[in-house]
Amino acid sequence: MPIVTDIKVKPKNQELASLFCDGEFCTVVQTEILVKFGVKIGTNLSQSTLNEILKDSGVKSCFEFALKYVSARLKTEYEVKKHLKEKEYLPEAINNAIAKLKEYKYINDEYYANVYIDINKSRMGYKKIAYNLTRHGVNSNIVNEALENLGDQQEVILITIKKYMKAKVYDYKTKDKLYRFLVGRGFKHTQIMSVFNDINFKNGDNDENWD
């Protein structure tokens, strides 16, 4: 049974300590965990106790790492899980971190979806917003529910068209390019065509093209 021969607290992070057993480096662990298990110099550590220490330390480390990750900007549950898996945290530690972050409201996919829509509704259409949210791992039911509040985007399409058409000729060739541009932004076909009905796409680029 290994004996703890030294505990060296990290100078730059008092919450971490290097644990030495039988004169050799064993692992880095949170000082809080050492206190929890009553570990001090001279303590005899069974393998089962050491495993429990490493398990608890990993869970705590995973949560703290996840907390720093979501503090930078809003993240979806999917994004956090993916990032923690890339850092090779164990599934149990990841699930614990996710549960705590959701409990403390650091992860909330419904809120994420509504904020994303509010930020991007003046430059993206329904379809692109839905695609991007799904790509970030937001459940489709959450996406659809959040998008119910988006409403008609014809005014946004109109503003987008006016910006796009600056210094351009109002002809059918440009109309085709404009249509593809608007579709690429995710606007719905029916709403695009409804706005197009009020525009006279003939040669010229003055306000007379607008009914």
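Worth a mention:
- Selection within segment 182-201 - in a helix (DSSP H, G or I) and more than 27 Å from the chain's Cα centre (by Cα): His189, Thr190, Gln191, Ile192, Met193, Ser194, Val195, Phe196
- Within segment 72-93, the residues that satisfy the criterion of being over 18 Å from His136 (Cβ atoms) and outside any loop (DSSP other than H, G, I, E, B) are Pro91, Glu92, Ala93.
- Within segment 1-46, restricting attention to residues that are touching a residue at least 40 places away in the same chain (Cβ under 8 Å) and exposed (fewer than 13 other Cβ atoms within 10 Å of the Cβ), the residue that is nearest to Asn95 (Cα to Cα) is Ser46.
- Remark: pairs (first residue in segment 97-123, touching a residue at least 40 places away in the same chain (Cβ under 8 Å); second residue in a loop (DSSP other than H, G, I, E, B) and among the hydrophobic types (A, V, I, L, M, F, W, C); Cβ separation under 7 Å; 6+ apart in sequence or on different chains) = Val115/Leu74.
- Restricting attention to segment 133-170, the residues that are part of a loop (DSSP other than H, G, I, E, B) and closer than 16 Å to Asn200 by Cβ add up to 4.
- Flag if Ile98 is modelled with pLDDT of 90 or more and either of a type in the set (A, V, I, L, M, F, W, C) or in contact with a His (Cβ under 7 Å, 6 or more places away or on another chain) (or both): yes
- Within the set Thr5, Thr31, the sole residue that is more than 30 Å from Glu145 (Cβ to Cβ) and touching a Cys at 6+ places or on another chain (Cβ under 8 Å) turns out to be Thr5.
- Criterion: in a helix (DSSP H, G or I) and under 28 Å from Phe63 (Cβ atoms) - qualifying residue of Lys173, Lys102: Lys102
- Only listed residue being within 17 Å of the chain's Cα centre (by Cα) and surrounded by 19 or more Cβ atoms within 10 Å (Cβ to Cβ), chosen from Ile53, Ile94: Ile94
- Annotation note: of Asn141, Asn108, Asn114, the sole residue that is surrounded by fewer than 13 Cβ atoms within 10 Å (Cβ to Cβ), closer than 30 Å to Phe65 by Cα and modelled with pLDDT of 95 or more is Asn141.
- Residue under evaluation Ala130, criteria (1) among the small types (Gly, Ala, Ser); (2) part of a helix (DSSP H, G or I); (3) touching a residue at least 60 places away in the same chain (Cβ under 8 Å), criterion not met: (3)
- Filter result for Lys55 (more than 30 Å from Ala113 (Cβ to Cβ) and among the charged types (D, E, K, R)): yes
- Restricting segment 162-185 to residues that are under 16 Å from Lys121 (Cβ atoms) and either touching a residue at least 12 places away in the same chain (Cβ under 8 Å) or among the hydrophobic types (A, V, I, L, M, F, W, C) (or both), the residue that is surrounded by the fewest Cβ atoms within 10 Å (Cβ to Cβ) is Arg185.
- Within segment 144-160, tally of residues that are buried (at least 18 other Cβ atoms within 10 Å of the Cβ) and of a type in the set (A, V, I, L, M): 4
The values are calculated or read from the model by the stated rules, or taken from the named source; none is laboratory data. Source: prediction; values computed, not measured. Backbone-built Cβ (ideal geometry, glycine too); neighbour counts: all protein chains shown.
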